[in-house]
Amino acid sequence: MTMATLKAIGFRALRSVVTLLLCVTLVFVVLRTAGDPVDQLLPAETPPSVLEEYRIAWGLDRPLYVQYWSFVSRAMTGDFGKSFASNLPVLDVVLETMPRTLLLGFSALLLASLIGLSLGILGAVRRGTGIDRVAMGVAVLGYSMPIFFLGIVLILLFALQLRLLPSSGASSLLHLILPTVTLALPLAGRIARFARTATLEVMGRQFIRTAHAKGAGRLRVLLQHALPNAMVPLLMFYGIEIGLILSGAVVVETIFAWPGLGRLLVSSVSMRDLPLVQGVILTITLVIVLSNLFVDILHALLDPKVSLARTLGGAG
Amino acid sequence: MSSVERSEARAPLFADLPPVIMLCLFWLATIVVVAVFADLFAPAHYTTQDLLARFRPPVFLGGDWDHVLGTDHLGRDILSRIIYALRTSILIAVLGTLIGAIGGTLAGLAAGRLRGPVDLSVMMLTDVQTALPSLFIALTFLAFFGNNIFLFIILVSLEGWERYARLARGQVISEQSADYIKAVEALGAGPGRVVFRHLLPNIAASLVVQATLNFPGTILLETSLSFLGLGIQPPGTSLGLMLGEGRGYLLNAWWIAVLPGIVIFLTTLAMSLFGDWLRDRLDPTVERD
């Protein structure tokens, strides 16, 4: 690992910390401009004496910057208070539901990559043919499909008409199938499209022509020369997709009653269970920032020169 | 960059449209006309209930011509509801896209022109936007402030603002030191004139392409939030809200949810295809996702 690589990674890490801090600040600003946090965070029927007690306990009589600091430090330690609905600590509820969202997200990512990369690479290799057009047609249908509509169509077909798969709950692995497919198909469309562009871009470069000229077979050129080089832009693309997968999970989990973070978020927003909303939002932010940092570190290791230029250029 | 010939870009923009793009434009024009003149097209008002005519199937499933696309759980005419819902969804998506495009572009221009702390703040905000997708920002605000239509439109407009900002900022920074800009400045043009008369027109095409590609995302954000019951509230209606309401009746009246779903799907599909075509025609450098 060179000095430049380390520097790029360090810069990225610093930037992630700043971004996280900004997100926490954003939540604090929203919380404070929405009104008195005691009114916001405690149930409406709380007696005034208790409200006053909390106001002092939470230090709301102190200056704003002190309050901000204590908000940040509590957020850092994962202390978001207790949920109105269940009276359980927010952190416990979040930690209990998070694995289910991660399971759903990862299985969708896997399925989408399988479909998307195959379609995309196929399209690139058979560029301009009927196969390419069909592959890209399927891709555009996929990513234009609203997730909630796709979910409903799949429930109609596989749960209500054919009665093959369960449409709600999470009691078995069978329950994972429909939500995974729903979340994966639009993603597969985006991956297919991006993979095609990335592969085509690499295949147009000089070293691929050289490999062909040296007599390497088509498959060998593709697998040994083109694809490894197309991986770097694809990796960056995956970094951007994490946020979109989690957004999609919110809708998918609600449709299929999959008890993960997304469904928790929607129910806590509609019940205005504010401590829970804060906890879930900041957890999701943490997941996205960390996965982006992970992608950036991988990127810096794979492609030090480009990465440093990109980092210092500030393009994000 | 690939070595694709760009000479075709000189041809008139709408010369020899591919049939698919023509179909897309036809669909988009149709829904805009229907949305604008909703009162003329809708057979009934979207809130008119007829409890004796609940769950009527559409004509193609053996229903009658009184309710071409059938009725919902309150006996409301689905065709009329789709037409009015289309009006709401299109209006919000158009306003959201415009506000996002203008706000994002101004932020980017300011960042590129002023640099320093302004630039740093705008860039940090785009980082925040990346770390916290618009759906989550929207949900946070809706949780704390409750729902109202103005807040809702602003939240929808957040979708993709950072892409306009990056585009505008990049353009200002790369062109600022170009000779023609120096010449204009030497002739006494102020910063405002340089930015709006000389730099902005250069990226106008890219901005239009970006807005077209962004539009499906904006529609999806609005319909998703309304679908979740956190966007447009009854008695108002939106295509997403119709799907959300129809979700409970899939077993005996699937058309309540599926028909508005098809309308959303066709609209995002048409706009995506048109956006791709426009980008290939005008500006192959715009980022997509």
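No value in this document is a laboratory result; all are computed from the given coordinates. Note that the coordinates shown come from a computational prediction; the quantities given were computed from them, not determined experimentally. Counting neighbours? That spans all protein chains shown, and the Cβs are built from the backbone with ideal geometry, glycine included.
Looking at the square roots a ≥ b ≥ c of the eigenvalues of the Cα gyration tensor of the range A:158-316, which shape do they give, rounded for a/c under 1.5, prolate if a/b is larger than b/c, or oblate? Can you show the working numbers first?
Numbers: a/c = 3.85, a/b = 1.64, b/c = 2.35.
Oblate, because a/c is 1.5 or more while a/b does not exceed b/c.
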Using just the C-alpha positions of the protein assembly as shown as equal point scatterers, what log10 of I(q)/I(0) does the Debye formula give at each q in 0.06, 0.07, 0.09, 0.10 1/Å?
-0.35, -0.48, -0.80, -0.99
Taking the range A:187-316 and dividing mean pair separation by its residue count, relative contact order in percent (alpha carbons under 8 Å, at least six apart):
20 percent
If contacts are Cα pairs under 8 angstrom and at least 6 residues apart, what is the relative contact order of the range A:34-127 in percent?
13 percent
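Which value at 222 nm does chain B reach when only helices count, each DSSP H run of 4 or more adding -39,500 (n - 2.57), with the total divided by all residues and rounded to the nearest 500 deg cm²/dmol?
Working: 11 runs with 183 residues, N = 289.
The helix-only estimate for chain B comes to -21000 deg cm²/dmol at 222 nm.
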Take the Cα pairs of the range B:111-206, get the Kirkwood Rh, then feed it into Stokes-Einstein at 20 °C and 1.002 mPa s and tell me D in µm²/s.
139 µm²/s
Using the Karplus equation 6.51 cos²θ - 1.76 cosθ + 1.60 (θ = phi - 60°), what ³J(HN,Hα) coupling, rounded to whole Hz, does each residue of the range A:265-275 give in order, writing x for Gly and Pro?
4, 4, 5, 6, 5, 6, 8, 6, 7, 5, x
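Which value, in debye to the nearest 20, gives the size of the charge dipole of the range B:11-119 about its Cα centre, when Lys and Arg are +1 and Asp and Glu are -1 at the Cβ? Before the final figure, lay out each step's value.
Values: 7 positive and 8 negative charges, 80 e Å.
That gives the range B:11-119 a dipole magnitude of about 380 debye.
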Stick to the Cα atoms of the range B:132-268, pair each with every other, and give me the Kirkwood hydrodynamic radius in Å at one decimal.
17.8 Å
Surface/4 of the Cα convex hull for the range B:9-93, nm²
7.7 nm²
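Given the -39500 (n - 2.57) contribution per DSSP H run of 4+ residues, what per-residue ellipticity at 222 nm results for chain A, rounded to the nearest 500 deg cm²/dmol? Let's see the in-between values first.
Details: 13 runs with 234 residues, N = 316.
Rounded to the nearest 500, it is -25000 deg cm²/dmol.
Can you put A:Ile191, B:Ile21, B:Ile90 in order, fewest other beta carbons within 10 Å first?
Numbers: A:Ile191 28, B:Ile21 18, B:Ile90 23.
Sorted ascending by nearby Cβ count, the order is B:Ile21, B:Ile90, A:Ile191.
Percent relative contact order of chain A, based on C-alpha pairs within less than 8 angstrom and at least six residues apart? All intermediate terms of the calculation are to be shown ahead of the outcome.
Numbers: 351 pairs, mean separation 84.4, N = 316.
Computed value for chain A: 27 percent relative contact order.
Based on the Cα atoms of the range A:109-222, what semi-axes does the equivalent ellipsoid have, where each is the square root of 5 times one gyration tensor eigenvalue, given in whole Å with the largest first?
Details: eigenvalues 264, 38, 22 Å².
Sorted largest first and rounded, they come to 36, 14, 11 Å.
Only Lys, Arg, Asp and Glu count, each charged at its Cβ (+1, +1, -1, -1), so figure out the dipole size of the range A:176-233 about its Cα centre, rounded to 20 debye.
On the way: 8 positive and 1 negative charges, 45 e Å.
Dipole magnitude for the range A:176-233 comes out near 220 debye.
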When the dipole is taken about the Cα centre of chain A, and only Lys, Arg (+1) and Asp, Glu (-1) are charged at their Cβ, what size is it in debye, to the nearest 20?
1880 debye
Evaluated over the range A:8-86, the Cα radius of gyration and Dmax, each in Å:
15.1, 54
Rounded to the nearest 0.05, what FRET efficiency do B:Ala189 and A:Glu201 have when you use their Cβ-Cβ distance and R0 = 45 Å?
0.70
What span do the alpha-carbon atoms of chain A cover on each of the three principal axes, reported in whole Å from largest to smallest?
84, 60, 28
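What whole-number volume per residue, in cubic angstrom, does the convex hull of the C-alpha atoms of chain B give?
Values: hull volume 50.0 nm³, N = 289.
Convex hull of Cα atoms, per residue: 173 Å³.
Calculate the all-directions average of the projected area of the range A:49-151's alpha-carbon convex hull, and give it in nm².
Average projection, Cα convex hull of the range A:49-151: 11.5 nm².
Mind checking A:239-247 for the average number of partner chain beta-carbons within 10 Å of each residue's beta-carbon? Write down the numbers at each step before the final one.
Values: counts 1, 4, 1, 3, 8, 4, 1, 4, 9.
Averaged over the peptide's residues, the number is 4.
Say a site is exposed when it is one of the trypsin sites (Lys or Arg not before Pro), sits in a DSSP loop, and has at most 14 other Cβ atoms within 10 Å; what is then the longest site-free stretch of chain B?
On the way: sites that count: B:Arg6, B:Arg115.
Within chain B, the longest run free of exposed trypsin sites (Lys or Arg not before Pro) spans B:116-289.
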Stretched out fully, how many nm does the piece from A:Leu102 to A:Arg127 gain, at 0.36 nm a residue minus the Cα gap?
5.5 nm
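If we count other beta carbons within 10 Å of each Cβ, what is the order of A:Thr77, B:Thr223, fewest first? Can you show the working numbers first?
On the way: A:Thr77 8, B:Thr223 33.
Neighbour counts put them in this order, fewest first: A:Thr77, B:Thr223.
According to the Cα gyration tensor, what semi-axes, each the square root of 5 times an eigenvalue, does the equivalent ellipsoid of the range A:206-257 have, listed from largest to smallest in whole Å?
On the way: eigenvalues 312, 27, 5 Å².
Square roots of five times the eigenvalues give 39, 12, 5 Å.
Calculate the FRET efficiency for A:Leu88 and A:Thr33 from the Cβ-Cβ distance with a Förster distance of 30 Å, rounded to the nearest 0.05. Provide the component values of the computation, followed by the final result.
Values: r = 28 Å, r/R0 = 0.92.
The value I calculate is 0.60.
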Kindly express, to the nearest 10 degrees and within the range 0 to 90, the angle between helix B:78-114's C-alpha long axis and the longest C-alpha principal axis of chain B.
10 degrees
Check: C-alpha center the range A:24-103 vs C-alpha center the range B:79-156, spacing in Å is 26 Å
Among B:Leu220, A:Leu42, B:Leu69, B:Leu225, which comes first, then next, by fewest other beta-carbon atoms within 10 Å?
A:Leu42, B:Leu69, B:Leu220, B:Leu225
